[in-house]
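As structure tokens, the structure follows; a few thoughts come after it.
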Amino acid sequence: MATYHIETYGCTSNQGESRRIERSLRDGGHRPVDGPEEADVAILNTCTVVEKTERNMLRRAEELDDTAADLIVTGCMALAQGDEFESADVDAQVLHWDDVPTAVRNGECPTTTGGTEPILDGEVGILPIARGCMSNCSYCITKFATGRIDSPPVADNVEKARALIHAGASEVRVTGQDTGVYGWDEGERKLPELLDRICDVDGQFRVRVGMANPGGVHGIREELADVFARNEELYNFIHLPVQSGSNDVLEEMRRQHRVEKFLEIVETFDDRLDHWTLSTDFVVGFPTETDHDHEQSMALLREVRPEKVNVTRFSKRPGTDAAEMKGLGGTIKKERSKEMSAEKREIVEAAHEAMVGERFDVLAVEDGTADSIKCRDPAYRQVIVQNASDHGVELGDFLEVEITGQNTMYAFGEPV
């Protein structure tokens, strides 16, 4: 778990986004500290209302860059003028609000709730299907809190999903420290069965599968891809954190997969699905990562071109084996992070640009800023519908949109 410091500027909407980020971070076991000097990561939630505000945001970002071990910039200026921070030579990850909690994780497993009870948050139902994982990663402190996988029966999770849907959830998020190993504690691979049965629940809804490590998915990749192909309720989206393109680094990390297995999973989903979104994570600057290892990660990123990428600089977690390793210098980690983040932005922007002019069926799931609504297309890509009330679009609506533009972080859609 990481320590964090968050600063928020601007309107009440920005304040609300920061509260949502903090809630997610605290649920994940991260804890706040008094100032950026003490934090593993500083988070700057920006405003861009006038030119003077922009200058103030850049100045504060520069100060935090000099002070904090790692910096994330989010908020309105980050989304509208993210290039300004790079032009000012601010070394930061520029992220959408939704992506901040994942980026703070340092490659560790998520801890979305204190247990396995479902939560209904507006249109979104959060369904933790198990607690714990089967991994023993050398850098991860989460396992000390969650322990080994403990999987409730499939029938229990299906009933929880049914209750969420009947209570009004139009999107069910299947979560866990590692969803791919659900059932392993009982000697079975139960995720495909669980997803099939959730999709059989009466109602109109969509299901998003949360993070699944490649080591757990590889053995069920064909069965799992077939489940996605036959169930339109499932978003064609999977989060497979590869963490490195170097097998040497993966071995030092004690990850349960190698690059070849990750690529075999990607190939299987490519074969089964016409379009799907690959989300993955990279940790840059692991203590044993050489220049060649980093180039292998860059090469893998360019090869698979995931539409969603979380880039995290390695930071030591107390009590982990990796904390005892001699670390790389901060400058090296910053340079590698900057290079990978720039490549990531080009890939993500190209993916969104390719959507322009196309039509997609989307689900309206969350309120956005002003009079906008955040929607998701069948591959879980975020589409913003502006002036939603003028179009009569409300949360929970399924509608068809034409993509009219994009700003790297997401696409803009016009109802048709």
- Charged-residue dipole, Cβ positions (Lys, Arg, Asp, Glu), the chain about Cα centre, Debye nearest 20: 1040
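Using helices alone, I'd like the mean residue ellipticity at 222 nm for the chain: each DSSP H run of four-plus residues gives -39500 (n - 2.57), total over residue count, nearest 500.
Calculated at 222 nm, the ellipticity per residue is -11000 deg cm²/dmol.
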- Message: Please compute the per residue accessible area over the chain with all protein chains in place, 1.4 Å probe, rounded to a whole number of Å².
- Response: 40
- Task: For Glu295 paired with Glu264, estimate the spin-label separation in nm (one decimal), with each label point 7 Å from Cα along the Cα-to-Cβ line.
- Result: 2.8
- Evaluated at 25 °C and 0.890 mPa s, the Stokes-Einstein D of segment 272-416 based on the Kirkwood radius over Cα pairs, in µm²/s, stands at 142
- Item | Near-label residues of segment 286-308 by backbone N, under 15 Å of a point 7 Å along Cα→Cβ of Glu335 | 286, 289-295
- Query: Rounded to a whole number of µm²/s, how large is the Stokes-Einstein D of segment 162-246 at 37 °C and 0.692 mPa s, given Rh as the Kirkwood radius over C-alpha pairs?
  - Reply: 244
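Could you compute the FRET efficiency for Arg302 and Arg197, with r as their C-beta to C-beta distance and R0 at 25 Å, rounded to 0.05?
The value I calculate is 0.05.
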- Would you mind checking Lys261/Lys344; Lys52/Lys333; Lys160/Lys190; Lys190/Lys374; Lys308/Lys334 for any pair whose Cα atoms are more than 27 angstrom apart? Lys52/Lys333; Lys190/Lys374
- Message: With the crude spin-label approximation of a point 7 Å out along Cα→Cβ, what separation in nm comes out for Arg230 versus Asp321?
- Response: 4.0
- Using unit Cβ charges (K, R positive; D, E negative) and no other charged atoms, how large, in debye to the nearest 20, is the dipole of segment 274-416 about its Cα centre? 880
- Could you give P(r) for segment 331-403, binned at 10 Å from zero, as whole percent values over all Cα-Cα pairs? 18, 38, 24, 15, 5, 0
- How far is it, in nm, from the label point at Glu414 to the one at Glu349 when both lie 7 Å from their Cα along the line to the Cβ? 2.3
- Task: Specify, per residue and in Å³, the volume enclosed by the convex hull of the alpha carbon atoms belonging to segment 273-345.
- Result: 98
- Per the 1.4 Å probe, what fraction of the accessible area of the chain, in percent, lies on carbon and sulfur atoms? 43
- Note on the structure: Largest-first semi-axes in Å of the equivalent ellipsoid built from the Cα gyration tensor of segment 138-204 are 25, 14, 9
- Query: Which value, in debye to the nearest 20, gives the size of the charge dipole of segment 149-245 about its Cα centre, when Lys and Arg are +1 and Asp and Glu are -1 at the Cβ?
  - Reply: 320
- Item | Heavy-atom accessible area order for Thr8, Thr320, largest first, 1.4 Å probe | Thr8, Thr320
- Message: Semi-axes of the equivalent ellipsoid for segment 185-339, please: Cα gyration tensor eigenvalues, times 5, square-rooted, ordered largest first, whole Å.
- Response: 32, 17, 14
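The values are calculated or read from the model by the stated rules, or taken from the named source; none is laboratory data. Since we're looking at a predicted model, the values are computed, not measured. As a convention, Cβ positions derive from the backbone with ideal geometry for all residues, glycine included, and neighbour counts pool all protein chains shown. With ligands, DNA and RNA removed, areas are computed over all heavy atoms of the protein, side chains included. Shrake-Rupley method; radii C 1.70, N 1.55, O 1.52, S 1.80 Å.
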